[in-house]
Amino acid sequence: MSKKIYLISGLGADRRAFRKLIFPQDFELVYLDWISPQKNESLDDYATRLALNIDTSTPFYLIGLSFGGMLATEIAKKLKPLHTFLISSSPVYSQLPWYYRLAGSLRLQKLIPIRLLKKGNGIGLKFLGARTDEKRILLKQLVVDSDTTFMKWALTCILTWRNKDLPLNLTHINNGGHFMVYANAAEISNYIVQKISNEHIRSHIKKIQYLNQDKYHNN
């Protein structure tokens, strides 16, 4: 049976951010592309609508990148995936950088000119983790292709997010910057595959143990 993984990209990005991740053929990758936010919609409510694209009739995994990790956290609390992987993200408000929390309390997002970022400003791209020409070219194209209204809404959600609850079965991959999903794709792919494979083995062993116990009691 294939292992289904739903992937949510980061702010200013789309499924192209995951293009260097490599998974075995028995993994089915489903990209949850962005949907247009409603006026004054909260991150929690947006996550609920985005999750309508998830088939909950079969077990699944979640991968969230940066802002997508925050959405994956909200979805995981509702739908209970087998495991959730956050890449370059934070599962709770307290783990956000202090300057994010300060900016949110001061409502500085109202003053940030998103149009400057969409011009591919070099400083902004470096802040997002693009430190080589290849990475800057990809990230600049991702940002330029992004919808300005969506980016403004998402930035407000990031700076006003106040989640305190950790979902079950969560792995936090966060030691290589916001562009590590591209720069360290092989290592991340191998880690996730190994983690999922180990869980499948443990699940299979538990199932065998349960069947053996049931067989013993019936005899």
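Here are a few things to note about the model shown:
- Qualifying trypsin sites (Lys or Arg not before Pro) in the stretch 147-195, where qualification requires a DSSP coil assignment and no more than 14 other C-beta atoms within 10 Å, comprise ARG162, LYS164.
- Potential extension, VAL92-ASP45 segment - 0.36 nm per residue separation minus Cα distance: 15.2 nm
- Per residue, in Å², the accessible surface of the stretch 1-86 once ligands and nucleic acids are set aside, probe 1.4 Å: 44 Å²
- Per-pair calculated FRET efficiency, R0 = 22 Å: LYS80 and ASP26 via Cβ, rounded to 0.05: 0.50
- Only Lys, Arg (+1) and Asp, Glu (-1) charged, at Cβ; the stretch 1-90 dipole about Cα centre in debye: 160 debye
- Selection of trypsin sites (Lys or Arg not before Pro), the stretch 8-68, meeting DSSP coil and at most 16 other Cβ within 10 Å: ARG19, LYS20, LYS39
- Split the accessible area of the stretch 147-188 by element, probe 1.4 Å, and carbon with sulfur accounts for 53%.
The values are calculated or read from the model by the stated rules, or taken from the named source; none is laboratory data. Worth saying up front: this structure is predicted, and the values here are computed from it rather than measured. Cβ coordinates were reconstructed from backbone atoms using ideal geometry, including for glycine residues, and neighbour counts include every protein chain displayed. The protein model used for the area step is the full one, side chains on, heavy atoms only, and it has no ligands, DNA or RNA in it. Shrake-Rupley method; radii C 1.70, N 1.55, O 1.52, S 1.80 Å.
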